[in-house]
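All remarks here apply to the structure that follows.
The values are calculated or read from the model by the stated rules, or taken from the named source; none is laboratory data. It should be emphasised that the depicted structure is a prediction, and the values quoted were computed from it without experimental measurement. Neighbour counts run over all protein chains shown; Cβ positions are idealised from the backbone, glycine included. Quick note on the areas: whole protein, heavy atoms, side chains included, nothing else; ligands and nucleic acids left out. Shrake-Rupley method; radii C 1.70, N 1.55, O 1.52, S 1.80 Å.
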Amino acid sequence: MTTQTDRQRPYVAGVDSSTQSCKVVILDPATGRIVRQGRGSHPDGTEIDPEYWWQGFLTAVDDAGGLDDVAALSVGGQQHGMVCLDAHGKVIRPALLWNDTRSGQAAADLVDELGEASWANATGSVPVASLTVTKLRWLADHEPDNAERIAAICLPHDWLTWRISGSTDLHDLITDRSDASGTGYMARQEPAYRYDILARALHISVDATQQIILPRILGPWDAAGHGDPSRGWGEIVLGPGCGDNAGSALGVDLAPGQALISIGTSGVAAAVSKESVADPSGLVTGFSDATGHWLPLACTLNASRIIDAIGSIIGADYAELNELALSVPDAGGLTLTPYFEGERTPNLPDATASITGMTLANSDRAHMARAAVEGLLDLMRGALDAVRNLGVPVDKALLVGGGAQSKAVQVLAAERLDAEVEIPETGEYVAIGAAKQAAQVVGM
């Protein structure tokens with residue numbers, strides 16, 4: 001039954017607070033239609049004062065026409081970022097983002113201390129520089145005075161949700177399984193923190209870590225409170241939010257047996273699994289999704305820039321490269337190994353790209369274009385197979401991201417990925433997923 005409140009606030013809002021920007025999508029849950037949307041920018045860099053996220057959010061809300069007709073809101077955000085707060089709720093130092101690699105040695109140290117298998121079994125992931133746990137070790141090693149001031153630790157979407165609520169009480173910090181699973185100190189099989197691992201990261205005792213406030217881990221459809229009444233948001237119910245990959249998966253309604261293949265600057269192959277996974281090789285991270293399942297994920301450093309690089313070499317824009325690639329039946333024996341920036345999956349950080357199998361017959365623009373597309377899809381197939389090798393079934397792949405708009409990628413994807421391929425309409429899927437979560441929280 002439609003109530004007066006439903007008529008006054010018929011919409012939900014989803015937020016995507018990413019590295020580059022904040023996007024706000026206002027969604028009609030009855031139809032799935034985007035009513036309006038807005039955007040605010042974030043500064044470049046691998047560390048940032050979280051206040052910029054707040055200003056970006058306010059700008060995006062204004063750009064989207066406000067929240068007066070919104071019943072519920074959830075925040076999807078970039079994963080892994082380290083936000084440390086003091087006893088007064090103030091940010092101790094600029095947040096280190098997922099793409100800040102200064103914690104690479106800290107990651108190696110943590111792996112050496114416990115071993116790959118122990119990490120995978122305990123948390124679902126083997127530490128790499130992106131995970132929060134490695135950034136905390138870096139802080140303890142390099143800025144011990146700041147580490148000693150920590151009263152609370154949270155993630156970007158946790159902090160932004162807290163600010164939207166208007167609370168200044170650290171005990172009101174909340175998170176969700178998907179984002180908490182990317183910290184490196186949440187248990188693999190249940191939404192509970194591993195204080196022993198957090199203690200190891202910070203070089204302190206377990207008793208001392210239990211004095212640090214960590215966000216409560218909410219269930220997928222649990223309410224996290226309300227918006228700040230001083231801003232007129234008191235009637236808006238807040239959802240638990242989610243990590244960006246989990247938000248994308250929810251945005252496209254990814255189900256068990258399906259994989260999301262995101263082809264952007266980097267590539268992601270993620271599949272919904274009913275069971276948690278552990279990969280001692282570290283190629284697959286055992287994240288949770290936003291619905292109560294798991295989201296094992298493999299990431300590549302190279303993706304759409306493979307097409308950019310070869311297009312530059314052969315002097316072809318996207319449209320012409322697609323035409324050239326589809327003008328020949330195959331690459332004619334030409335093989336592109338596309339490790340232009342090293343690689344994460346497979347884990348070859350110092351590798352370089354190479355072209356092999358060149359003959360007089362295939363040394364032309366068409367075969368080079370074809371080799372670029374095949375090289376990209378074969379790289380994504382490797383990431384997808386890393387997930388499959390853990391026993392996660394994948395029958396269908398949903399292709400999203402800028403690289404998925406390539407006609408040649410679309411034509412060749414099913415064969416190269418060995419899966420049925422679906423290409424959803426282009427959209428802001430992190431924000432859409434967050435909006436869908438918000439709708440579920442309030443039963444709309």
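Remark: relative contact order (region 91-185) = 29 percent; criterion is Cα-Cα distance under 8 angstrom and separation of 6 or more residues.
Excluding ligands, DNA and RNA, the accessible surface per residue across region 332-394 is 44 Å² with a 1.4 Å probe.
Round to a whole number: what % of the accessible area of region 385-444 belongs to carbon and sulfur, probe 1.4 Å?
Values: 1160 of 2620 Å².
That share works out to 44 percent.
Report which label in (1) 19.6; (2) 20.9; (3) 22.8 holds the value of mean projected area of the Cα convex hull in nm² derived from the coordinates of this structure. From the options (1) 19.6; (2) 20.9; (3) 22.8, the structure gives (2).
Sorting the segments 284-295, 169-180 by their mean number of nearby beta carbons within 10 angstrom, highest to lowest, gives 284-295, 169-180. Surface composition of region 65-208: carbon and sulfur make up 47 percent of the accessible area, probe 1.4 Å. Per residue, the average separation of C-alpha pairs within less than 8 Å and at least 6 apart gives region 1-120 a relative contact order of 25 percent. Quick check: the angle from helix 429-441's long axis to the longest principal axis of the chain, C-alpha only, nearest 10 degrees? On a 0 to 90 degree scale, this one is about 40. With a/c under 1.5 counting as rounded, go ahead and sort region 230-272 into rounded, prolate or oblate using the C-alpha gyration tensor (a ≥ b ≥ c being the square roots of the eigenvalues; past the cut-off, prolate if a/b is larger than b/c, else oblate). Here region 230-272 falls in the prolate category. Against the chain, whose longest principal axis is taken from its Cα atoms, helix 365-388 shows a tilt of about 50°. The packing ranking of peptides 123-132, 306-315, highest mean first, is 123-132, 306-315, where packing means the average number of other beta carbon atoms within 10 angstrom of each residue. Ignoring lysines fewer than eight residues from K436 along the same chain, the ones with Cα atoms less than 16 angstrom from its Cα are K23. Calculated accessible area for region 83-182 comes out at 34 Å² per residue, all protein chains present (probe 1.4 Å; ligands, DNA, RNA ignored).
Cross-link partners of K396 among aspartates and glutamates, defined as those whose alpha carbon lies under 15 angstrom from its own and excluding same-chain residues fewer than eight positions apart: D253, D385, E415, D418, E420, E422.
Tell me the mean residue ellipticity at 222 nm calculated for the chain from its helices only (DSSP H runs of n ≥ 4, each -39500 (n - 2.57), averaged over every residue, nearest 500).
Values: 16 runs with 155 residues, N = 444.
That calculation yields -10000 deg cm²/dmol at 222 nm.
Remark on D176: its backbone amide H falls under 5 Å from those of L218, a criterion applied only to residues 5 or more positions apart or on other chains, H modelled at 1.01 Å from N.
Amide H to amide H, with H built 1.01 Å from N, I213 comes under 5 Å of A152, I153, counting only residues 5 or more places away or on other chains.
Surface analysis of region 186-282 yields an accessible area of 40 Å² per residue, using protein heavy atoms and a 1.4 Å probe.
Once you sort the root eigenvalues of the Cα gyration tensor of region 77-116 as a ≥ b ≥ c, which label holds: rounded (a/c under 1.5), prolate (a/b larger than b/c) or oblate (the other case)? All intermediate terms of the calculation are to be shown ahead of the outcome.
Numbers: a/c = 2.67, a/b = 1.89, b/c = 1.42.
Prolate.
Once the Cα atoms are used to define both axes, helix 304-314 deviates from the longest principal axis of the chain by about 30 degrees.
Can you tell me, using C-alpha contacts under 8 Å and at least 6 residues apart, the relative contact order of the chain as a whole percent? Don't skip to the answer; put the middle values down first.
Working: 1094 pairs, mean separation 76.8, N = 444.
Once normalised by length, the contact order is 17 percent.
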